[in-house]
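The values are calculated or read from the model by the stated rules, or taken from the named source; none is laboratory data. Predicted model only: the values in this text are computed from it and were never measured. Every residue, glycine among them, receives a Cβ derived from its backbone with ideal geometry; neighbour counts consider all protein chains shown.
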Amino acid sequence: MKARRVLAAAVCAVSACVLAGLAWAAFAPLSLPSRDQLFEIPRGTYARRMAGDKVEILPERIELTLGLNDTLLLRNLDEVPQQFGPVVIMPGQSFRLPFEVASIYGFACSAHASGQLSVVVHDKPAPGLPALRWRWVRFKRAWTTTRGATT
């Protein structure tokens, strides 16, 4: 009987910790170290593409969040200029594009395999379930990226 009480108390304590963690994640202020979302065009991208290699250096869809990571930063490390919308990014240069309105933006992009790139800008999530969902999506994305790099 005493073992059951100890087990029940342990389950209760763990449940309280989980609930406290979820409450923190839902209501704590959202912040990131930088508002920039960096994407780099690696050296040799153009040469690999001209050789017939299907180079996937940028996702088809980049997702940003107003007030958190709402500035797209493209850095061209390749030896040739790259086009992004009406802008040409020379080798070694960076291009920073801040967004101020939540929307879906389409751009021509020479660094992308399809030649097109979508940037989806979301509103900053409200406290509660939206903030919790935002943190969860970012955690999953970081986990997948980390696991893909190590396996």
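Some observations on this one:
- Hey, Gln93 at pLDDT 95 or above, under 20 Å from Tyr46 (Cβ atoms) and surrounded by 12 or more Cβ atoms within 10 Å (Cβ to Cβ) or not: yes
- Of the candidates Val80, Val87, Val55, the single residue that is under 22 Å from Ala113 (Cβ atoms) and at pLDDT below 80 is Val55.
- For the residues Ala113, Ala142, the requirement of being out of contact with any Gly (no Cβ under 6 Å at 6 or more places or on another chain), more than 19 Å from Gln37 (Cα to Cα) and of a type in the set (Gly, Ala, Ser) singles out Ala113.
- If the condition is being outside any helix (DSSP H, G or I), of a type outside the set (Asp, Glu) and either at pLDDT below 85 or within 19 Å of His122 (Cβ to Cβ) (or both), then region 13-51 contributes Ala28, Pro29, Leu30, Ser31, Leu32, Pro33, Ser34, Arg35, Gln37, Leu38, Phe39.
- The listed residue being closer than 18 Å to Pro33 by Cα and either surrounded by 16 or more Cβ atoms within 10 Å (Cβ to Cβ) or in contact with a Gly (Cβ under 9 Å, 6 or more places away or on another chain) (or both), out of Asp70, Asp78, Asp123: Asp70
Yes/no per residue for (1) small (Gly, Ala, Ser); (2) closer than 19 Å to Arg49 by Cα; (3) not in a strand (DSSP E or B):
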site	(1), (2), (3)
Leu72	no, no, no
Arg75	no, yes, no
Asp78	no, yes, yes
Val88	no, yes, no
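- Among the criteria (1) surrounded by fewer than 17 Cβ atoms within 10 Å (Cβ to Cβ); (2) touching a His at 6+ places or on another chain (Cβ under 9 Å), the one Trp134 does not fulfil is (1).
- Sole exception among (1) surrounded by 13 or more Cβ atoms within 10 Å (Cβ to Cβ); (2) more than 29 Å from Trp134 (Cα to Cα); (3) among the hydrophobic types (A, V, I, L, M, F, W, C) for Leu64, by number: (2)
- Any chance Ser118 is in contact with a strand residue (DSSP E or B) (Cβ under 7 Å, 6 or more places away or on another chain), among the small types (Gly, Ala, Ser) and closer than 30 Å to Arg43 by Cβ: yes
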